[in-house]
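A.B. asks: First the structure, then my questions, so here it is.
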Amino acid sequence: MAEFNTTLKEQGDISIIKLKGYLDAHTAPVLENKFNELINNNKYKIVVDFQDLAYISSAGLGVFMAYIEKVRENQGDIKLASMSDKVYNIFDLLGFPLLYEIFKTEEEAIKKFSE
C-alpha cells in the first residue's frame, strides 16, 4: 500500500496540516481524522500544505468537500498551498479553485487569514 501521513503544526490560531505521500481511498481516513481532531478542538483556520503530496484520488478530494462547510459555518476556512502542477491540475479540473483559495506557498496562505 502507498505511504501517506500528515503532520500538524500550529502558528498562532492557524493549524497547518502537511500532507506527504499518496492520498487515496485507503489513506483518506488519516486526513479525515486530522480534520475531525481540529474541528473537535474548535480550530477552524486551516492551511493544508501539499508540498510533499505525490498523488491525490477522488476519495482524497472528497475529504476536503466533506469538511469545508462545517469549517466555514464556524467562521473559518481551509486554504490550500504548495501544490505540485500535477496535483493542482486535478483540483483545477474539478473546479476547486472556485471553492478554495489556493496559494503558491504556505506563508501566503497563512498571511491571508490575517487580512
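The values are calculated or read from the model by the stated rules, or taken from the named source; none is laboratory data. Since we're looking at a predicted model, the values are computed, not measured. Every residue, glycine as well, gets a Cβ built from its backbone with ideal geometry; the counts of neighbours run over all protein chains shown. Note: accessible area is taken over every heavy atom of the protein model, side chains too, but ligands, DNA and RNA are not part of it. Shrake-Rupley method; radii C 1.70, N 1.55, O 1.52, S 1.80 Å.
A.B. asks: For the stretch 94-115, how many residues are open to solvent by 70 Å² or more (accessible area, probe 1.4 Å), assigned to a loop (DSSP other than H, G, I, E, B) and over 24 Å from residue 59 (Cβ atoms)?
C.D. replies: 3
A.B. asks: Which members of the stretch 69-80 meet the condition of being outside any strand (DSSP E or B) and either within 10 Å of the chain's Cα centre (by Cα) or crowded, with 20+ Cβ neighbours inside 10 Å (or both)? Don't jump to the end; show me each part of the working.
C.D. replies: If we filter the stretch 69-80 for residues that are outside any strand (DSSP E or B), which is where we start, we get 69-76.
76, the sole residue that qualifies.
A.B. asks: Just to check your reading of the model, which residue among 14, 46, 39, 56 is touching a residue at least 60 places away in the same chain (Cβ under 8 Å) and in contact with a helix residue (DSSP H, G or I) (Cβ under 8 Å, 6 or more places away or on another chain)?
C.D. replies: On the way: 46 fails: touching a residue at least 60 places away in the same chain (Cβ under 8 Å); 39 fails: touching a residue at least 60 places away in the same chain (Cβ under 8 Å); 56 fails: touching a residue at least 60 places away in the same chain (Cβ under 8 Å).
Selected residue: 14, the only one of 14, 46, 39, 56 that is touching a residue at least 60 places away in the same chain (Cβ under 8 Å) and in contact with a helix residue (DSSP H, G or I) (Cβ under 8 Å, 6 or more places away or on another chain).
A.B. asks: Within the bounds of the stretch 82-91, is there any residue that is touching a helix residue (DSSP H, G or I) at 6+ places or on another chain (Cβ under 8 Å) and basic (Lys, Arg)?
C.D. replies: Here is the first cut: in the stretch 82-91, the residues touching a helix residue (DSSP H, G or I) at 6+ places or on another chain (Cβ under 8 Å) are 82-83, 90-91.
This time we only want the ones that are basic (Lys, Arg), so: none.
Within the stretch 82-91 (the criterion being touching a helix residue (DSSP H, G or I) at 6+ places or on another chain (Cβ under 8 Å) and basic (Lys, Arg)), the answer is no, since none of the residues qualifies.
Rundown of residues vs (1) touching a Ser or Thr at 6+ places or on another chain (Cβ under 7 Å); (2) among the hydroxyl-bearing types (Ser, Thr, Tyr); (3) at pLDDT 95 or above, yes/no style:
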residue: 13; (1), (2), (3): no, no, yes
residue: 22; (1), (2), (3): no, yes, yes
residue: 31; (1), (2), (3): yes, no, yes
residue: 88; (1), (2), (3): no, yes, yes
residue: 110; (1), (2), (3): no, no, yes
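A.B. asks: Between a residue in the stretch 86-108 that is of a type in the set (D, E, K, R) and any residue that is open to solvent by 50 Å² or more (accessible area, probe 1.4 Å), which pairs come within a Cβ distance under 7 Å, given they are 6 or more apart or on different chains?
C.D. replies: From the stretch 86-108, the pairs are 101/112.
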